[in-house]
Amino acid sequence: MASNEEVLERYFSWDPSMDPEFAHFIIGGGTIGGKGRSLLYALRVLRDSDDERLRAVVLPRSRYIGAGVFQDFISRVPNLDGMRRGAAPEELEEEFVKVELPECVTKALYGYLAEMRDPVAIRSSSMLEDSLKYSFAGKYMSPFLLNSGDSLEARVRAVEHQIKRVYSRTYFPAAETYRRKHNLPDDLMGIVIMRISGRWRGNYYYPTTAGVGFSFNGRRWTTRIKREDGLIRMVFGLGTMSTKRGYARTYSLTNPYLRPEGSSAFKIMKHSQEHFHAIDRATGELTTIDIKEVWRDSFRWHPDFSTYASLYIYDENQGYFGSLDRTSIFSPTEGKVCMPFESFPRAYARFFKTMSKLMPLLQEKMGTYADIEFAYEPLENRLELLQARPLWIKESGDPTLGPELNGCETILRADRMVTDGSHDNIKYLVLVDPEIYSTSGEFQSIARALGEMNNRLSPEKYILVAPGRVGSSSPELGVPVRYDEITCSACIVEVGIPKTGHMPELSYGTHFFSDLETDEVLYMPVFQGEKDNDYNEAWFQRTPYECGAHEAIRLYKGDFSVYMSGDRNIGIVSCPAE
């Protein structure tokens, strides 16, 4: 049997331009980049499978532009080196859009768009995105277009314009800073032009479900599931919701009935999707739709809508879920509609059977863990693969959990979703005060103050403790801090505070978590009041601290340690007892 190193070598050396089934989809020479090459490799593997379900998996209609086109293009950008040193990003983009693309691209776009009227995404697919460790998640740009209008020429020009914008992002601060941080060279940009999965449903375009999947579950919520079981994070609507720190349904592939939030109806409701993403025909923009406003009409487009959506009914205890159909009548004070996907595993067991075959096969053929994006139409059993790439997991031993027994005080304790790792002798702990955060309403100011504290402490590492979801795009769910504002954090602890409504969520697969994995930042969620969880409020109240640029930011100085065991699902932050 081949070693993993040999398998990986075969994977990285595979050239789709030499495969007659795929070569005619490629425009120009050079690599088509990590996203494009990995996706076609996955399709090659599935097509060669002896499993009929896997051979039925498809890719959206796509075209792939090689990095040779990018090299040709940037050679014609005036004074590129000078602009990289001094121009504002907007100026750089403005110069890029003035440059003409090679004729081979324009010709290919005419052929592609002539028969393709659905919305399209123009996805970055750079050479460095083929790295085993560095995913560049969210560092470049992947815009989409409505692709409407009667003029083919106008639609081609619109796609060309977006290609140039993606090219310019190769030299924007987010990508340049990321490459410098990890000592990476300049990048070469390929492009994937891809039909967006979904269909028009009234004025909105979206797939029924979409999400991300992993062949390795590095953050288990219970020891009843194994890391090797794999993980799916699924949403209703466009998959953009699953790559951000919003709510999604998380499944273990071998036991999809075990929920990270447990069996409490109230907690399930609090962690259930209430909004979804779609493309609005009127504006051509990505829009967020409140399911509570459109649920009744959704039955028109989704006869199986009650598979995803349920009626949560309030009562004096934890509430409960009731059946939902088009004729359901209730007031906002009696209940609300949310999307816990409660019946999905039973109704669509075939989906889980396919995924439990697909991801181990990709892992075997890649020689490492697999990371995918997908869209799925359940009624048709149509599975589309949107991304497939290696998933980098740091190999680490299981640390000894001893500080709580050796004269140390436990400040924070977690019992789920932790990985293996430890840190000793960390001098600083930064807390975002949950009470002030929830009552002040100054979410953006607090996020920027957290960034200022990060810069003040740099290059020293610190432990970050915050309510709800760090890096959320929805401030009511957690601090909307950017990842580049917490670059010195060695460990992030998200605290669930029932009285403020802030709850951590397993957002594995989001761009935020991709950065945590790459930078080897430890993470754990703590649920206040739950068994085997501890948020030691007494310690935070009695221990002296300094205020940051906002009163919600507290800086504690001491000798802190972090110990996490993924095998035992235990995480501890401690300091010497007084």
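Going through the stretch 109-138 one residue at a time, which ones are under 14 Å from residue 157 (Cα atoms), in contact (Cβ under 8 Å) with a residue 12 or more places away in the chain and surrounded by fewer than 19 Cβ atoms within 10 Å (Cβ to Cβ)? It would help to see each step written out before you state the result.
First, the residues of the stretch 109-138 that are under 14 Å from residue 157 (Cα atoms): 109-114, 120, 122.
Okay, now just the ones that are also in contact (Cβ under 8 Å) with a residue 12 or more places away in the chain, so 109-110, 112-114, 120, 122.
Scanning the stretch 109-138 gives 110, 114.
Only a single criterion out of (1) more than 25 Å from the chain's Cα centre (by Cα); (2) of a type in the set (A, V, I, L, M); (3) surrounded by 15 or more Cβ atoms within 10 Å (Cβ to Cβ) is not satisfied by residue 56, namely (3). Among the residues of the stretch 187-204, are any part of a loop (DSSP other than H, G, I, E, B), among the acidic types (Asp, Glu) and at pLDDT below 95? The answer is yes, given that some residue of the stretch 187-204 is part of a loop (DSSP other than H, G, I, E, B), among the acidic types (Asp, Glu) and at pLDDT below 95. One residue stands out among those in the stretch 170-200 that are among the hydrophobic types (A, V, I, L, M, F, W, C) and under 13 Å from residue 122 (Cα atoms): the one that is nearest to the chain's Cα centre (by Cα), which is 196. In the stretch 142-158, the residue that is farthest from residue 197 (Cα to Cα) out of those that are part of a helix (DSSP H, G or I) and among the small types (Gly, Ala, Ser) is 154.
Of all residues in the stretch 439-471, those satisfying the criterion of being in contact (Cβ under 8 Å) with a residue 40 or more places away in the chain, surrounded by fewer than 24 Cβ atoms within 10 Å (Cβ to Cβ) and farther than 21 Å from residue 556 by Cα are 440, 442. Could you list, in sequence order, all residues of the stretch 385-417 that are at pLDDT 60 or above, of a type in the set (Gly, Ala, Ser) and surrounded by fewer than 19 Cβ atoms within 10 Å (Cβ to Cβ)? If the condition is that a residue be at pLDDT 60 or above, of a type in the set (Gly, Ala, Ser) and surrounded by fewer than 19 Cβ atoms within 10 Å (Cβ to Cβ), then 407 is the only one that fits.
Selection of first residues in the stretch 26-53 that are within 27 Å of residue 348 (Cβ to Cβ) and in contact (Cβ under 8 Å) with a residue 40 or more places away in the chain and of second residues that are β-branched (Val, Ile, Thr) and assigned to a loop (DSSP other than H, G, I, E, B), restricted to Cβ pairs under 8 Å at least 6 apart or on distinct chains, gives the following pairs, ordered by first then second residue: 43/57; 46/57. Residue 155 passes every criterion in (1) under 25 Å from the mean Cα position of the chain (by Cα); (2) closer than 21 Å to residue 204 by Cα apart from (1). Assess whether residue 78 counts as being at pLDDT below 95, farther than 30 Å from residue 359 by Cα and loosely packed, with under 12 Cβ neighbours inside 10 Å. Yes.
Taking first residues from the stretch 140-160 that are modelled with pLDDT of 95 or more and partners that are aromatic (Phe, Trp, Tyr), the Cβ contacts under 7 Å between residues at least 6 apart in sequence or on separate chains come to 152/110; 156/110. On the stretch given as the stretch 466-476, residues that are out of contact with any Asp or Glu (no Cβ under 8 Å at 6 or more places or on another chain) and either of a type outside the set (Asp, Glu) or at pLDDT 95 or above (or both) total 5. The residue pairs whose first member lies in the stretch 472-485 and is assigned to a loop (DSSP other than H, G, I, E, B), whose second member is surrounded by fewer than 16 Cβ atoms within 10 Å (Cβ to Cβ), and whose beta carbons are closer than 8 Å, counting only pairs six or more residues apart or on different chains, are 475/444; 476/501; 480/444; 480/473. Of the residues making up the stretch 343-384, just one is without any contact (Cβ under 8 Å) to a residue 40 or more places away in the chain and of a type in the set (Asp, Glu), namely 380.
Residue 45 meets the conditions (1) over 23 Å from the mean Cα position of the chain (by Cα); (2) over 17 Å from residue 162 (Cα atoms); (3) surrounded by fewer than 17 Cβ atoms within 10 Å (Cβ to Cβ) in every case but one. The failed one is (3). Of all residue pairs spaced 6 or more apart or on separate chains, those with beta-carbon atoms under 6 Å, a first member in the stretch 299-323 that is on the phi > 0 side of the Ramachandran plot and a second member that is modelled with pLDDT under 95 and among the small types (Gly, Ala, Ser) are 319/265.
Residues checked against (1) of a type in the set (Gly, Ala, Ser); (2) buried (at least 21 other Cβ atoms within 10 Å of the Cβ):
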position	(1), (2)
218	yes, no
232	no, yes
238	no, yes
242	yes, yes
247	no, yes
250	no, yes
255	no, no
258	no, no
276	no, yes
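Among the residues of the stretch 144-164, the one identified as in contact with a Phe, Trp or Tyr (Cβ under 7 Å, 6 or more places away or on another chain) and either small (Gly, Ala, Ser) or within 15 Å of residue 96 (Cβ to Cβ) (or both) is 164.
The values are calculated or read from the model by the stated rules, or taken from the named source; none is laboratory data. Everything quoted here is computed from the prediction, not taken from an experiment. Virtual Cβ from ideal backbone geometry, glycine too; neighbours counted across all protein chains shown.
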